[in-house]
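Please read the structure below before turning to the comments.
Each reported figure results from applying straightforward, stated rules to the coordinates on display, with no laboratory input. Every value quoted in this text rests on a predicted model; they were computed, and no experiment measured them. Note: ideal-geometry Cβ built from the backbone for every residue, glycine included; neighbour counts use all protein chains shown.
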Amino acid sequence: MSKKLISIVIPVFNEEENIPLIYAGLLKTLNGLLDNYDYEIIFVDDGSQDNSAVVLENFANQNSHVKFIQFSRNFGKELALSAGLDAAGGDAVIMIDADLQHPVELVPNFMEKWQNGAEVVIGVRNRNIGGGIVKKIGSLLFYKIMDTIGDTKITPNATDYRLLDRKVVLAFRRFTEHGRMTRGLIDWLGFKREYINFDSNGRKNGLACYDKMKLVKLALCTIVNHSLFPLKLAGYLGVAIIVLFGLAGFLLFVGRYIVHNSFAMSFSGPAQLAILLVFLVGIILSCLGLVALYIANIQDEVLKRPTYVIRKSNFNQMI
Ligand code: UDP
Ligand code: MG
């Protein structure tokens, strides 16, 4: 039986000092598995401005297991991962950060879970020494919001350190959306998942390239892509206002002109006008909500997500 191929995908942005370290670590781990597995290491250089590209090319020249993709400019980690997944030929693909925050020694543990039937193995961070308080609160808030209003459940502290079975990779390639959060999309796909906990160290060299603005942008983009709730909020608000102020207006009308209730009589002209105006605002908001429903429909269509994802079938033409 031929050996199974494991692809390691590493996004790289200004990591010239870390590349030799992660490369050495990977070689050590993967060479220990060579009896049963072949491997390829795919570095995706995401438009680094330091010497990363040169270092990568050197490694690729020395070792035929090493492949590299060089972006024309910085496209962001999410797209670097996508490029790696597109190029990977492995029966399983492992995505790992270049900054040594994801312990390489755990690769065999990921593979063991995969061999035991898991289709997605997810690295979950126990603690993150590197992140500041703002980042921690931000990430807590993000996961809370996603958990409440998102249609995809994203495990808190789940990282991009993941193993994907080939069928998951093939399914992932069908996504066409531009703004993408890889782990959110993988979670959306489903499949059998297993988790591995690990302690995340501070990054070895260099600075975390995701500044706070970039993270906020990614979070907003993920919420918009995975939840229609913000869009529908105006509509819900409008309906609530219509019901509340419609009822108040109706009671006022009955109290004033039919039963001549003294409380209703005490409402001044401007107060009555205010109730009428808020009621009209309610109508406008609910119309916005209606428009939102149509936009939601359009959003669904333009994202062009796969309509279904198949794990297995005995039709050849299907994956
Ligand atoms: N990265 C990338 N493109 C970017 C930013 C980061 O390919 O624009 C890579 C980076 O080299 C590292 C991984 O993505 O391998 C994680 O980056 P970082 O450590 O900055 O993120 P964090 O650990 O804060 O999630
Ligand atoms: Mg990092």
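Place the peptides 289-301, 146-158 in order of packing, highest mean first, counting for every residue the other Cβ atoms within 10 Å and averaging per peptide.
Per-residue mean Cβ counts within 10 Å order the peptides as 146-158, 289-301.
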Inset, instruction - Before anything else, pin down the relative contact order of the range 46-132: Cα pairs under 8 Å, at least 6 apart, normalised by residue count, whole percent. - result: 21 percent
Inset, instruction - Please find the FRET efficiency linking Leu5 to Asp50, where r is the Cβ-Cβ separation and R0 is fixed at 25 Å, and quote it to the nearest 0.05. - result: 0.25
Inset, instruction - Sort Ser48, Ser64 so the one with the fewest other Cβ atoms within 10 Å of its own Cβ comes first. - result: Ser64, Ser48
Inset, instruction - Work out how much length Leu220 to Lys304 would gain on full extension: take 0.36 nm times their residue separation and subtract the Cα-Cα distance, in nm to one decimal. - result: 28.3 nm
Inset, instruction - Report the semi-axes of the equivalent ellipsoid for the range 237-306 in whole Å, largest first, where each axis is √(5λ) for an eigenvalue λ of the Cα gyration tensor. - result: 39, 10, 6
Inset, instruction - Would you mind putting 69-77, 254-262 in packing order, based on average other-beta-carbon counts within 10 Å, highest first? - result: 69-77, 254-262
Inset, instruction - Please give, to one decimal in nm, the separation of the simple spin-label points placed at Glu17 and Leu33, each 7 Å out from Cα toward the Cβ. - result: 2.9 nm
Legend entry - Descending principal axes extents, the chain, alpha-carbon based, whole Å: 93, 49, 35
Legend entry - Overall Cα dimensions of the range 140-194 - principal axes, largest extent first, Å: 33, 26, 16
Legend entry - Ascending count of other beta-carbon atoms within 10 Å, so fewest first, for Ile283, Ile22: Ile283, Ile22
Legend entry - Whole-Å distance, taken between Cα centres, linking the range 37-74 and the range 101-117: 22 Å
Legend entry - Two-site label geometry, Val124 and Ala87: point separation in nm, points 7 Å out along Cα→Cβ: 3.3 nm
Inset, instruction - Under a 10 Å cutoff between Cα atoms, tell me which one of Leu26, Leu244, Leu85 has the largest fluctuation in the Gaussian network model of the chain. - result: Leu244
Legend entry - Cα→Cβ-extended label distance, 7 Å offset, between Met213 and Val239, nm: 3.9 nm
Inset, instruction - Please report, in debye to the nearest 20, how large the charge dipole of the chain is about its Cα centre when each Lys and Arg carries +1 at its beta carbon and each Asp and Glu carries -1 there. - result: 960 debye
Inset, instruction - Per DSSP H run of at least 4 residues, take -39500 (n - 2.57); add these up for the chain, divide by its residues and hand me the 222 nm value, nearest 500 deg cm²/dmol. - result: -15500 deg cm²/dmol
Legend entry - Calculated from backbone phi, Karplus (6.51, -1.76, 1.60) coupling profile of the range 173-188 in Hz, x at Gly/Pro: 5, 7, 5, 10, 5, 7, x, 9, 10, 3, 5, x, 5, 5, 5, 4
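How much FRET efficiency would the formula 1/(1 + (r/R0)^6) give for Leu247 and His178, where r is the Cβ-Cβ distance and R0 is 35 Å, rounded to 0.05?
Computed FRET efficiency for Leu247 and His178: 0.15.
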Inset, instruction - Return the long-range amide H neighbours of Tyr39 (sequence gap of 5 or more, or a different chain), with a cut-off of under 5 Å between placed amide H atoms. - result: Ile6
Inset, instruction - With the Cα gyration tensor of the range 1-150 in hand, give its eigenvalues times 5 under a square root as the equivalent ellipsoid semi-axes, listed largest first in whole angstrom. - result: 26, 21, 15
Inset, instruction - Would you kindly state how much longer the chain becomes between Ala60 and Val278 on full extension, computed as 0.36 nm times their sequence separation minus their alpha carbon distance, in nm to one decimal? - result: 71.7 nm
Legend entry - For the range 279-284, Karplus couplings with θ = phi - 60° (6.51, -1.76, 1.60), whole Hz, Gly/Pro x: 4, 5, 4, x, 5, 4
Inset, instruction - Subtract the Cα-Cα distance of Ile145 and Phe229 from 0.36 nm times their separation in residues, and report this length gain in nm to one decimal. - result: 29.2 nm
Inset, instruction - Would you look at the GNM of the chain, springs on alpha carbons closer than 10 Å, and say which of Glu177, Glu119, Glu16 moves the most? - result: Glu177
